[in-house]
Each structure stands twice: as C-alpha cells, then as structure tokens.
Amino acid sequence: MQFIRRALVAIVVIAIGSSAAAWFLAGREAGPAIEIKSPGAFIGQKSSLELFVDAPAGKLTRLTAALTQGGKALHVFSLDDATGTSGDVKQASSDRLWIIRPLGKASQPELVAGPATLTITAARPVLFGWREAETTVKKDLTVRLEPPRVGVVSTHHFLNLGGSEFVVLRATPPDISAGVTVAGVSFPAFPGASVGLSDPALKVAFFALPFDQDANTPVTAFARDEAGNSATASVERQAFPKVFQRSRIPIDTTFLSRVVPAIASNTPALAVKTDDLLAAFLTINRDLRQQNNATIAALAAKTAPEMLWKEAFAQLGNTQVESRFADHRTYIFEGREVDQQTHLGFDLASTQQAPVTASNKGVVVHAAYLGIYGNCVIVDHGLGVQSLYAHLSTIDVKEGDAVEKGQTLGRSGTTGLAGGDHLHFTMLVGGVQVNPVEFWDGHWMEDRVFRKIREAGGSAPAPARK
Ligand SMILES: [Zn+2]
C-alpha cells in the first residue's frame, strides 16, 4: 500500500510538473509570422493595408491592425470585422492568410498629416487551445494628405503620329515621381538637374505618340507620391495625323529556307517546326516579333537619368532609304496574302557589310542576337531615348560600353528577318518605337528640345547660327 501511495504521489507530481512544463513551453512557442506588403513608408487619402499572416492550418485566435497617432489609437482591422463578409481575408495557402483593407484618411477620417505607427497583432492557439502564441509588428509611417501638384512649364508642343515630344514639368513636392501618360503608356520624367535646371521642382520628360493611336489621344502630365496621392495636368499640344506607307512584300521558299532555320536555331525557346517553313515564318513574324518588341521595350528601364547627347542624331552615312517608319506590310506567298505587320523603323542600305556607326553618344544596353532583329545593338542616350541597329553581320561592342557619336558598333548584314544586306534602324522613347526622322533633324532637336531647356533656365547647346 505504501508503495502504491508513493507511486500515485509520484504520478501526480510528474503530471503537474509536465503540465507546468508544457504550459511554460507553450508560452514560448513562436506566434504567427506577419509580413506587411503595404503601406510602404507613407500613407495618404486612399492607401491600403496588405499583409500575409502565417500560422499552422491558418488558425488564428486574434488579428488586429491599428494606427496610433499622438497617443490615440485608430481601428483599422480586426479578424472579427471580416468574418463572413467581403473578400478582405483570403486563404493564400493552407497556412497563409492574405488580408487587404483600405487604409488612409478616407477610411480613418481622424487621421492627420504627420508621423503614425501601424501595429499588427496576431495570435494562434497552442496547447490544444489553452494558450495563445502572439506576435506584434510595428511600423512607423508618415501620413501625407496634401496632393502633389504638377504643371507644364514648356510651350509649343507639336506631336506627330508615331513621333516624339519633350516637356518641362513643375512637380511638387520635389521628392515625388512625375511623367507623362499617352494611351496608357507612362513616360517617366527625370530631374531637371539632368539638363542643368537648378530648381528641384523642375522635371523633364520625352514622350511619344505610338503610331497606332488616334492623333488626338490625350496627353497627360502626372505626379504621384509614395502615399498614393496623385495629380494630373493636360499637356497642350498640336497633333498631326500621318499617313503611313503600305507595301506588299513577296516572300518565297528561298527566302524562308534562309531565314527561318537560322532564327529558329538561335531562338531555342521558340519551339517551331522548320519542316513547315511558312507556318514557322508566321510564328516568327507574329509571336517572336511581339516577344522581341517586349524585350526591347523593357530596356527602357536601363536608361541613364541624364542627357548624354549634345546635337541631333545622325542617319548612317551614304545610305539609301529602302523602307520607312510604320510602313504597313502585307506579306505575299505563292500569290496569297499570308500576313500583315507594321515595320517600325527605317531600312538603310549601302554596301554589303558596311560599318554601322552610333547615331549619337551613349551606352550600349544590348549587344546580342534578338530574334527577328538578328544581331542587334541598342544604345541608350539617356532620359528614355535609345537607338536600335538590327540585322548586323558582326557586333563590335558589348553591353556596358560607352560609345561616341560615329563610333563603329558592327557591320551591316542579313541576320534575323532581313531580305538583303541593310541596317534596320529605329529610335525608342520610353520603350516605344518612334519615327527617327525627328531625332535626325537639327531644327527639330533645337526647337522641340534644346529651346525648352534654355527657356526653363537650363543648359543646352545654343542654336547653330546660319
Ligand atoms: Zn527593317
């Protein structure tokens, strides 16, 4: 009996001890993981709270978000608000909840401009629901409620369909991002200091009117702060529609058997069967063209925030224009119309394997094979302006090389989708292919660009005296 009593006591002691240990250890378990996706450093009129919370099986006992400002707590969100209501809370995976809620003056009207702290608290059940493991995350923010301002400083904007323009903007406060939007494409503005403007509120932007838009497409200057507040202003300009050429391009088996297998072997990601040459050509002419143009457009992000050139661009010397910008091409095979595409550049022909030179000073941002463009060099000239040289037989530069105007980049050739030896040349503004004739024209460069910089107080080359 004595033994049994002792054993019972021991069991009770062990049970109490292990429960206490379990209770103690449960209290040390990690709470849910909290990841705040937004806001960033600022909140404004209509920002949003977006967060991920990770807990086993997505089980939470509590989840709250609050803003504190000057000792006052403002309710943002609690798990109870969302139960059974909207799509505010979603199961991102079995262990992960995704929460998105409005945050800002519109949803928390007591918010005032200035510093604030966002506090997220989440707890999950541990020890069979007897205890909770909690996590608290705090983030210091700035509430910015005043919308930015943007206005157009430069005058006399003339915009040709498929062409480019330049604008000087005043955008405040100076730390915001600004630019110009045309037909859904945003062209970023760069600090005025890039062209010698000392006023930090001044910004400059090149923008384009894509060839396939209506000539009267609205042109809008914008300014946006990190809190999500934004402002816009209309860019007054005169628009000039253009009629582009139409041409018929005969293609035959000789041409297809030269270009299709070469492009296919250089583009392994494009799975085309070269036993049907016409079908493979159509995939290249449609899908690969689109992919290549997307690759080219993405290079706009690599532009320098300064104007690297000081004079108009140069058309390759001693060349004959074989095809112009935005030429609408109908492809004819064995008497049938098989495809239609727009040719977004100039075809310039001289002698075979002629040296191809940089149209202006810049930095090489692409020097490699690129599908329909064959061996292709793209030079960045800063402020979103770039030039492209395609179908080269050889490339003499590499990515990252600084090049002077007139420096040899390679030699002309027939690589990619080229009928004969020529240079395919185009200009790009913010990744949009534009008519190069404007950039080649000294009067255009002076009147559209340099004049506006000087009038705003910046440093641009003085007009050439004639
Ligand atoms: Zn071409």
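The values are calculated or read from the model by the stated rules, or taken from the named source; none is laboratory data. Keep in mind it's a predicted model, so treat the numbers as computed, not measured. Cβ atoms come from the backbone with ideal geometry, glycine included; neighbour counts cover every protein chain shown. Heads up: the accessible areas ignore ligands, DNA and RNA and are worked out on the full protein's heavy atoms, side chains in. Shrake-Rupley method; radii C 1.70, N 1.55, O 1.52, S 1.80 Å.
Descriptive notes on the structure:
- All of Gly430, Gly384, Gly413 fail the test of being assigned by TED's automatic domain parsing to the domain that holds Leu282 and either in contact with a Leu (Cβ under 7 Å, 6 or more places away or on another chain) or surrounded by fewer than 24 Cβ atoms within 10 Å (Cβ to Cβ) (or both), apart from Gly413.
- Number of positions in segment 129-187 that are more than 24 Å from Phe325 (Cα to Cα), part of a loop (DSSP other than H, G, I, E, B) and touching a Pro at 6+ places or on another chain (Cβ under 7 Å): 4
- Screening Val356, Val377 for residues that are within 16 Å of the ligand (Cβ to nearest atom), closer than 27 Å to Ser186 by Cβ and crowded, with 24+ Cβ neighbours inside 10 Å leaves exactly one candidate, Val377.
- Extreme residue, nearest to the ligand (Cβ to nearest atom), among residues of segment 289-337 that are open to solvent by 20 Å² or more (accessible area, probe 1.4 Å) and among the acidic types (Asp, Glu): Glu322
- Segment 61-93: number of residues that are in a strand (DSSP E or B), open to solvent by 20 Å² or more (accessible area, probe 1.4 Å), farther than 12 Å from Leu51 by Cα and modelled with pLDDT of 90 or more: 7
Here's the yes/no breakdown for (1) in contact (Cβ under 8 Å) with a residue 60 or more places away in the chain; (2) of a type in the set (S, T, N, Q); (3) not assigned by TED's automatic domain parsing to the domain that holds Asn266:
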{"site": "Tyr331", "(1), (2), (3)": "yes, no, no"}
{"site": "Thr342", "(1), (2), (3)": "yes, yes, no"}
{"site": "Leu348", "(1), (2), (3)": "yes, no, no"}
{"site": "Leu370", "(1), (2), (3)": "yes, no, no"}
{"site": "Ile378", "(1), (2), (3)": "yes, no, no"}
{"site": "Leu388", "(1), (2), (3)": "yes, no, no"}
{"site": "Asp396", "(1), (2), (3)": "no, no, no"}
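- Residues in segment 397-419 that are out of contact with any Pro (no Cβ under 9 Å at 6 or more places or on another chain) and either more than 13 Å from the ligand (Cβ to nearest atom) or farther than 13 Å from Tyr373 by Cα (or both): 11 in all.
- The number of residues in segment 338-353 that are within 16 Å of the ligand (Cβ to nearest atom) and either at pLDDT below 95 or open to solvent by less than 20 Å² (accessible area, probe 1.4 Å) (or both) comes to 8.
- The number of residues in segment 193-242 being touching a strand residue (DSSP E or B) at 6+ places or on another chain (Cβ under 6 Å) and without any contact (Cβ under 8 Å) to a residue 12 or more places away in the chain comes to 0.
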